[in-house]
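The values are calculated or read from the model by the stated rules, or taken from the named source; none is laboratory data. Just so you know, these numbers come straight off a predicted model, no measurement behind them. Please note: Cβ atoms are built from the backbone with ideal geometry, for glycine as well, and neighbour counts cover all protein chains shown.
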């Protein structure tokens, strides 16, 4: 049984018709394969898909990013890496099954793979805690990231989580500290790390593993500071305003590329990643290959520096800044123009006063 | 005296007199315990309610004033990235919220950095103001934090930060989220330079702030009864569907679970942090050096006399 999103009702009707036509034996009456009709409906379906999917709103993308059948981290790990061995445990408390971590091989190159896994059916979803990691999970990642750093092995992480798990035990064992340490560890690695956001990039739970040299996003993935539902219920005081919240937060891949937070977007097949999982694999392979090659040319120190500069640059305005590439300074120095501009912006009253003064002086000069 | 002078005159006077609209104008204030407190008493008591010991949220300037030697501090100018990068509008425009917050707090953004002395040692201090959109962190706050860290590194001073925030600023969405990585990056630089980094977690420190720079201080100190945690209380209750234990996520609770080093009341913060810094920087001998200097002078005098 396929599952459809609320905006796919037309597509659902067409696909059901198509399935019926392709399977004449289960139909009533005369059994005959009507090839012409199949072609016609297939065309109509393609048209409809294109129509719906060429202009998705941010909220629709959010639904797509959470789609039940969307390929999960496990799918990519199984299909992209050979010799993957899943390692477990933080050596302190437990093993968090919401994240898969292990060494593997990508095209003859050793890599550490981290994947936040949501699970495919109800049982596995419960086992994986719906992809919501606990402190143990982050500590497991830290342990293995440090190991990868030691052996000079690049790290590839697949991000797909609604957020870090909010629970009593998680808080008691230091959820906040675990996330902070995970970011700290990611930011101090001297091996390349690449994060691929495949579904939901939920706030702190995502950035803990996405503080990386390269951040790649799927076309219909989302990455934001809070879920649209959360934002809507806090700012609009109405959890149903998700459409507005998603738009306001600008959480789609294209928005993030425009803000220069992510580096690359991987195109999804028409109708979302779940409609053709295998078509995606080639695209990801290409992207990982390209990025690994680009980063492998840097020395260990340069990799650290690359990451530092990348993050320092985020959110800074272009132009009017000097020393943006200075390696040991973290702050920006602004020049005189931006200072004056700011002062005028802050004291808007200055403008009319200045104009009035100028007019007065010119009048006086005229009468003299 | 008749009733006109007794009742109507003062009545008219109060009617005609301009009522102080702002809280600043009045001499009295109140606290969570709903008791009236004379403002000066509160100020003298480090903004801790003299009746119920609640540590009230305070502004950055007040924080610097009560924490640094002789109440002297110098505010550092921090860079200001573009306001409202996403043109965010909810029920209100973000830019309007910013303007209102700036007017209310007289700050550019939630974080302020100051330099000053603590027990005679130069320190760089940062603080967050909860009145500025819940102390939330956006680009400007992140930039201020990084600037403060850079100042501490350039001047080789310990960096002390008073966190007070609900988390990242939703109105800057992903840009705000990236501040978690950016600030941690700055903390890494502090640690690389072997500069003591002390965080004082004040009420409340939750969300993205606790999950980034606040929880990776060299030494973590909390003010009594401060709320410290990652997820909000309501979120946890909704997720697990049960009520939470008493005192959950308070400073004392976190300390019992090994999350932080100390719980110190505001009055003793100066002494505790001062002592910690002198020990960490191995400046224990300041008094004895003075003593030896005096001895040397004595010696000189003796030598002079002898010659």
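Can you spot a residue in region B:81-104 that is under 29 Å from residue B:269 (Cβ atoms), under 20 Å from the mean Cα position of the chain (by Cα) and in a strand (DSSP E or B)? Within region B:81-104, none of the residues are under 29 Å from residue B:269 (Cβ atoms), under 20 Å from the mean Cα position of the chain (by Cα) and in a strand (DSSP E or B). Among residues of region B:151-165 being in contact with a strand residue (DSSP E or B) (Cβ under 8 Å, 6 or more places away or on another chain) and without any contact (Cβ under 8 Å) to a residue 60 or more places away in the chain, the one that is farthest from the other protein chains (Cβ to nearest Cβ) is B:157. Note on region A:193-272: enclosed strands (runs of 3 or more DSSP E) holding 1 or more residues that are more than 10 Å from the chain's Cα centre (by Cα) and over 30 Å from residue B:215 (Cα atoms) are A:264-266. Just give me the residues in region B:71-100 being more than 9 Å from every other protein chain (Cβ to nearest Cβ), farther than 20 Å from residue B:143 by Cα and in contact (Cβ under 8 Å) with a residue 12 or more places away in the chain, in sequence order. Passing the criteria: B:72, B:73. Restrict the check to region A:252-267 and report whether at least one residue is out of contact with any strand residue (DSSP E or B) (no Cβ under 6 Å at 6 or more places or on another chain) and farther than 30 Å from residue B:169 by Cβ. Scanning region A:252-267, I find at least one residue that is out of contact with any strand residue (DSSP E or B) (no Cβ under 6 Å at 6 or more places or on another chain) and farther than 30 Å from residue B:169 by Cβ, so the answer is yes. For region B:151-166, the set of residues classified as surrounded by fewer than 24 Cβ atoms within 10 Å (Cβ to Cβ) and over 13 Å from residue B:198 (Cβ atoms) consists of B:151, B:153, B:154, B:155, B:156, B:166, listed by residue number. Quick check on region B:238-251. Is at least one of its residues more than 30 Å from residue A:189 (Cα to Cα), within 7 Å of chain A (Cβ to nearest Cβ) and out of contact with any helix residue (DSSP H, G or I) (no Cβ under 9 Å at 6 or more places or on another chain)? Checking region B:238-251: at least one residue is more than 30 Å from residue A:189 (Cα to Cα), within 7 Å of chain A (Cβ to nearest Cβ) and out of contact with any helix residue (DSSP H, G or I) (no Cβ under 9 Å at 6 or more places or on another chain).
Does residue B:183 satisfy the criteria of being within 19 Å of residue A:315 (Cα to Cα) and in the same structural domain as residue B:203 (by TED's automatic domain parsing)? In short, yes.
The test for being at pLDDT 90 or above, in a helix (DSSP H, G or I) and facing chain A (nearest Cβ under 7 Å) does not hold for residue B:268. A count restricted to region B:42-59 and to residues that are within 14 Å of residue B:202 (Cα to Cα), outside any loop (DSSP other than H, G, I, E, B) and either modelled with pLDDT of 90 or more or over 12 Å from the mean Cα position of the chain (by Cα) (or both) stands at 1.
Can you say whether residue A:44 is more than 22 Å from residue A:275 (Cα to Cα) and modelled with pLDDT of 75 or more, as far as the supplied structure shows? Considered against the rule, which asks whether it is more than 22 Å from residue A:275 (Cα to Cα) and modelled with pLDDT of 75 or more, residue A:44 comes out as no. Being touching a residue at least 60 places away in the same chain (Cβ under 8 Å), out of contact with any strand residue (DSSP E or B) (no Cβ under 9 Å at 6 or more places or on another chain) and farther than 19 Å from residue A:65 by Cβ, is that true of even one residue in region A:283-299? Yes, there is a match, as at least one residue in region A:283-299 is touching a residue at least 60 places away in the same chain (Cβ under 8 Å), out of contact with any strand residue (DSSP E or B) (no Cβ under 9 Å at 6 or more places or on another chain) and farther than 19 Å from residue A:65 by Cβ.
For every residue, the table says whether it meets (1) within 19 Å of the chain's Cα centre (by Cα); (2) surrounded by 22 or more Cβ atoms within 10 Å (Cβ to Cβ); (3) within 8 Å of chain A (Cβ to nearest Cβ); (4) not in a helix (DSSP H, G or I).
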residue: B:145; (1), (2), (3), (4): yes, yes, no, no
residue: B:149; (1), (2), (3), (4): yes, yes, yes, no
residue: B:194; (1), (2), (3), (4): no, no, no, yes
residue: B:208; (1), (2), (3), (4): yes, yes, yes, no
residue: B:215; (1), (2), (3), (4): yes, yes, yes, no
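Listed by first and then second residue, the pairs with beta-carbon distance under 7 Å, at least 6 apart or on different chains, first residue in region A:1-12 and at pLDDT below 80, second exposed (fewer than 15 other Cβ atoms within 10 Å of the Cβ), are A:3/A:68; A:3/A:69. Scanning region B:224-235 turns up at least one residue that is surrounded by 15 or more Cβ atoms within 10 Å (Cβ to Cβ), part of a helix (DSSP H, G or I) and either in contact with a helix residue (DSSP H, G or I) (Cβ under 6 Å, 6 or more places away or on another chain) or touching a residue at least 12 places away in the same chain (Cβ under 8 Å) (or both). For region A:219-230, the criterion of a residue being surrounded by fewer than 19 Cβ atoms within 10 Å (Cβ to Cβ) and either out of contact with any helix residue (DSSP H, G or I) (no Cβ under 7 Å at 6 or more places or on another chain) or at pLDDT 90 or above (or both) is satisfied by no position. When residue B:176 is tested against (1) farther than 21 Å from residue B:73 by Cβ; (2) within 14 Å of chain A (Cβ to nearest Cβ); (3) within 19 Å of the chain's Cα centre (by Cα), only condition (3) is not met. Annotation: residue B:126 fulfils all but one of (1) part of a loop (DSSP other than H, G, I, E, B); (2) buried (at least 19 other Cβ atoms within 10 Å of the Cβ); (3) under 13 Å from the mean Cα position of the chain (by Cα); the unmet one is (1). Taking the condition of being at pLDDT below 90 and either in a helix (DSSP H, G or I) or crowded, with 17+ Cβ neighbours inside 10 Å (or both), how many residues in region B:271-291 meet it? So the count comes out to 6. Residues in region A:41-92 that are more than 24 Å from the chain's Cα centre (by Cα) and surrounded by 13 or more Cβ atoms within 10 Å (Cβ to Cβ): 10 in all.
Looking across region A:235-264, just one residue is surrounded by fewer than 19 Cβ atoms within 10 Å (Cβ to Cβ), free of Cβ contacts under 8 Å to residues at least 40 places away in the same chain and within 7 Å of chain B (Cβ to nearest Cβ), and that is A:236.
Does residue B:200 meet the test of being modelled with pLDDT of 90 or more, closer than 30 Å to residue B:118 by Cα, away from chain A (no Cβ under 11 Å) and outside any loop (DSSP other than H, G, I, E, B)? It is true that residue B:200 is modelled with pLDDT of 90 or more, closer than 30 Å to residue B:118 by Cα, away from chain A (no Cβ under 11 Å) and outside any loop (DSSP other than H, G, I, E, B).
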